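What follows draws every value from the coordinates through simple rules; no lab data is involved. Bear in mind that the values here come from a model prediction, so they are computed numbers and not experimental data. Methodologically, a virtual Cβ is constructed for each residue, glycine included, from the backbone with ideal geometry; neighbour enumeration extends over all protein chains shown.
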Amino acid sequence: MISLLASASDPVSHIVDKGLHEWDVLGRPVMLSMVTMVTTAIVLLILLRWAARSIATGPESMGNKRFVSQSPFGGVIEVIVLHLRDQMLEPVMGARLTRKFLPFLLSMFFFILALNLVGLIPFVEVQEFIYWLRGERFSLAENRTLAIFGGAATASISVTGGMAIISFVLIQVQGFRELGLKGWLEHLCGGHELVSGSPLLYPIVLLVFVVEFFGLFVKPAALAIRLFANMVAGHTLLIVFTSFGALAANAGLGWFGVGAITVVTAIGAMLITLLEVFVALLQAFVFMFLTAVFISLMAHEDHAHDEAHGEASDAAAHGHDGAHAHGAPAH
């Protein structure tokens, strides 16, 4: 209740990451997003391990049922993983890189998705409302909260920035491992052909190097800002809708006016919440997919090799089948 009335006049304050009340480490507050991230990661690990056990192939005594997921949740996770691997990642990264980075990319996808969905559930408001019902009053410092879990962690630039830094480090490590220092520098200069070409192309090489060098930092920064901006915009819009009733009450419109406005805005808030669920899924996918694209750019020749190897294998198999069909004796 207190949080809702406060958000009516300042909706952004509802989204800003806050420190826990009287929770400090080395003189600095423990932020709500930190606890939410750790708690969400633990719960997500438990759920995904349970899903993995339900997906795993059972004993032969189960017959054909051993190939079917033993829980609906595990079946949903299996469908998502297979679709992301086969339809999204392998066409971009190739088979070898997909196998190598699939655990990291899927972990990133599910973790961001879980944080986005947790931010849509009013855990903070429920906890503060319980304190209000108990009649407990606290003198809170600025940017402090009574809640110990919840909030939109991905609406904090420090959280999305930390994820982007992890992606940046992984992308560069992949570049050094696949290309070496010389190949990494040539990649920044436009490729070996451009670098070893005519000296007249050196100004272009320098220009490409400057653009690509700054691009190393712009790409992960764009990942962080995109996720942060979408979460802040969606939650701000949702808070504004849900606070219209409080605004009407503060304006003294009476119970009928407040009730009518509350009903209308509640319907609008539910529709926006459905949209936010889609945005939560979309932004988790975008963050994961663009990270996969940036990794594949550091090993583009590997993807081409995988495609050529796959085409050669298909051609060989087709030729073998054709020869067997035409050369087999009639019985």
Summing +1 for each Lys or Arg and -1 for each Asp or Glu, what net charge is found among the other residues whose Cβ lies under 15 Å from the Cβ of residue 185? -2
Under 18 Å from the 7 Å Cα→Cβ point of residue 285, by amide nitrogen: which residues of region 78-99? 78-93
Please turn the phi angles of region 272-278 into ³J(HN,Hα) values with the Karplus equation 6.51 cos²θ - 1.76 cosθ + 1.60 (θ = phi - 60°), one per residue in order, whole Hz, x for glycine and proline. 5, 4, 4, 5, 5, 4, 5
Mind giving me the FRET efficiency for residue 107 and residue 202? R0 is 51 Å, r the Cβ-Cβ distance, nearest 0.05 is fine. 0.75
